[in-house]
Amino acid sequence: MTGRILIVDDVATNRIVMKVKLTAARYEVTPAASGEEALRIARGGGIDIVIMDMMMPGLSGAETCARLRADPATAAIPVILVTASDDTEARMEGLSAGADDFLSKPVDEIALLARVRSLLRSREEERTYEEHSGPLLGMQMDSGFGGFAEGGKQAGFAAKPAPIDGQIALVAGGDSAWLLRQRDRLRPLFREQVSVISRDSVLSLDRDSAPDLFLIDADLGAHNEGLRLMSELRSRQATRHAAFIVILPAGDSERAATALDLGASDVAYRPFPVDEIAMRIRTQLARKRRADRMRDTLETGLRLAVIDPLTGLHNRRYGLHHLDQIATRCRAQGIRAGVILMDVDHFKAVNDTHGHLVGDRVLSKVALVLKESLRGEDLVCRIGGEEFLAVLPDSSLDQVRTVAERLRKAIEALNFRLDDGSTLSVTMSLGVAMLEDRDDASTHALAIVDRALYAAKDAGRNQVQTASLTSG
C-alpha cells in the first residue's frame, strides 16, 4: 500500500464504490460514516488523505474540513471534498474551509487518482522535512498553513488581502487579452504582485526573480505547450519549488491528470469564477511558503549541526568528515594535501585571569584571522577548546609550512583591547603534516600532526613543527 486514505460518506454505497476504486490502485482505505467519526479517526494519526462527501447530516464536509484545519494534529492532512452539486457557492464553501480540491459526482476516476497521487507526493515531502527537522520546525499552524484564520476558515480575499508580499505570474501565450483580464481581476484580491510574463522571460528567471506561483494555460500558443513549459520549469533550480496552477478546458480530466503527474500543484477549468481561482491561488501560496519554511528550517538545522556556534567555523564533526573526503580525493587523483593543527598557547591562563567572556572574544577573533588568511578551497574548523584544524588541498609540504608560519605570525600580531583599556596578546603553536597514500590516511595524518603540535609546545611554543621531523 502506498498511502492510507480516509473515506467519509454517510451513504454506505458511496463508501464502497470509492473504496473499490482506491483499493484497486493499492491504497489502504479506512471508511467513516460521519464527520464526527472522521475527526476521531484523523486525530488518531496515520491518515494521509481525507476524501469526504460535502453534504452529510450533522457535520457537513465543509464543517469537518474546517475542524481538521483548526486542529494542529490534523491541519496538514490534505482534504478532497466530493458533492453531487456543481454549485459555485458549494465549491467556494468547501475551498474556503480549507479543502485542497473539490470533485463532482460521479467522480472521474482518472482525475481522482491523479489528485491523490499529487497530494500524497506533497504530503510525503512535508513528512520528510518534519522527520528530519524535528523540533526545529516549531511552526504555528494558525500563522502559516493554508492561510486559515481562527475556526479554520480562510481569510477573505476581496475585503482583506493577505499581509504577505510575493509574486504571482500569469504566463502569456495565445490569448493575451484573456490573461490581461485575469490579471486585472486578481490584482485587487492580493497583496502579492500579479503580473503577466512571457514564455521567454520565464525561462530566463533566476532564483531571486522567480515568482512564488505560476498560472499557466495548458496550451499557451500550441497544444500542450504549457504542460511542457511547466515540466521544464520544474526541472530548473530557480523555479523547481514554485507553485503551478494549470488552466484547462472544462472537463479535460485526462490532461488534468497529466498536469498533476508532471508536477502541477493544482488545476482549474475555464471558465472559472475569480473568487474560486483566487482561493486556489491562496491555498497554493500558503503551501508553498510552508514548504519554504520547512526547507529553510531543515537547512538551518543541518548548518547548526556542523557549525561551531562561538566562532562560526565548521566543527569537529564536519572537519573530520571533510578530511576523509580530501584523503579519498588525493588517492583517486594522485594529488597532495596538508593539514595544520593549531592550539592557542596558555589559553587557560587567559580564561583564569580575564574571564571566559574575554576568552570567547579571543577565540572568535583567532578564528576570523585564520579563516581570512586561508584560500577559499581550504577549510579551517574548531575541533575543541582552543584547538583548530586546517586542511589544505592541492598543496606541497613547503606550501603548507609557509601557510602555517603566516598563520602563526598573524595570531602573534593580534592585540585584544580589554575593557580597562589594557591590551592582551596571544600566540599559537602549530603542527604540520601531509596526507599520505595509505588506507588510513586521515587517521594517520591526525596522529602525526598531533605529535608535531606537542613538539612545538615542548620546544617553547609560538612556533611551527613539521610531522616529518618528529614522527619518525
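The values are calculated or read from the model by the stated rules, or taken from the named source; none is laboratory data. Given the structure is predicted, the values throughout are model-derived calculations rather than measurements. Cβ placement follows ideal geometry from the backbone for every residue including glycine, while neighbour counts extend to all protein chains displayed.
Checked against the criterion of being in contact with a Gly (Cβ under 9 Å, 6 or more places away or on another chain) and either closer than 22 Å to residue 125 by Cα or assigned by TED's automatic domain parsing to the domain that holds residue 287 (or both), the candidates 71, 10, 53 yield just one match: 71.
Here region 385-421 is the region considered, the condition is being under 39 Å from the mean Cα position of the chain (by Cα) and among the charged types (D, E, K, R), and the residue that is modelled with the lowest pLDDT is 394. Yes or no: residue 148 within 21 Å of residue 92 (Cβ to Cβ), at pLDDT below 85, out of contact with any Leu (no Cβ under 8 Å at 6 or more places or on another chain) and surrounded by 14 or more Cβ atoms within 10 Å (Cβ to Cβ)? Yes: the conditions hold for residue 148. Of the candidates 255, 228, 234, the single residue that is buried (at least 17 other Cβ atoms within 10 Å of the Cβ) and among the basic types (Lys, Arg) is 255. Taking residue 438, is it touching a Ser or Thr at 6+ places or on another chain (Cβ under 9 Å), among the charged types (D, E, K, R) and either at pLDDT 95 or above or not in a helix (DSSP H, G or I) (or both)? Considered against the rule, which asks whether it is touching a Ser or Thr at 6+ places or on another chain (Cβ under 9 Å), among the charged types (D, E, K, R) and either at pLDDT 95 or above or not in a helix (DSSP H, G or I) (or both), residue 438 comes out as no. For the structure I just gave you, tell me whether residue 314 is more than 21 Å from residue 413 (Cα to Cα), surrounded by fewer than 19 Cβ atoms within 10 Å (Cβ to Cβ) and touching a residue at least 40 places away in the same chain (Cβ under 8 Å). In short, no. The set of residues in region 222-243 being under 21 Å from residue 167 (Cα atoms) and either in contact with a Cys (Cβ under 6 Å, 6 or more places away or on another chain) or part of a loop (DSSP other than H, G, I, E, B) (or both) consists of 235, 236, 237, 238, 239, 240, 241, 242. Total residues in region 422-472 satisfying the condition of being touching a residue at least 60 places away in the same chain (Cβ under 8 Å) and either in contact with a strand residue (DSSP E or B) (Cβ under 9 Å, 6 or more places away or on another chain) or surrounded by 13 or more Cβ atoms within 10 Å (Cβ to Cβ) (or both): the figure is 25.
When 308, 266 are checked against the criterion of being within 25 Å of the chain's Cα centre (by Cα), acidic (Asp, Glu) and more than 20 Å from residue 113 (Cβ to Cβ), a single residue qualifies: 308. Which one of 62, 70 is modelled with pLDDT under 95 and either crowded, with 22+ Cβ neighbours inside 10 Å or within 19 Å of residue 106 (Cα to Cα) (or both)? When all the criteria are applied, what remains is 62.
Taking the criterion of being in a helix (DSSP H, G or I), closer than 17 Å to residue 452 by Cα and without any contact (Cβ under 8 Å) to a residue 60 or more places away in the chain, the residues of region 368-405 that qualify are 398, 402, 405. Across region 151-190, the qualifying residues are those that are under 16 Å from residue 243 (Cβ atoms) and at pLDDT 85 or above, and the one among them that is surrounded by the fewest Cβ atoms within 10 Å (Cβ to Cβ) is 167.
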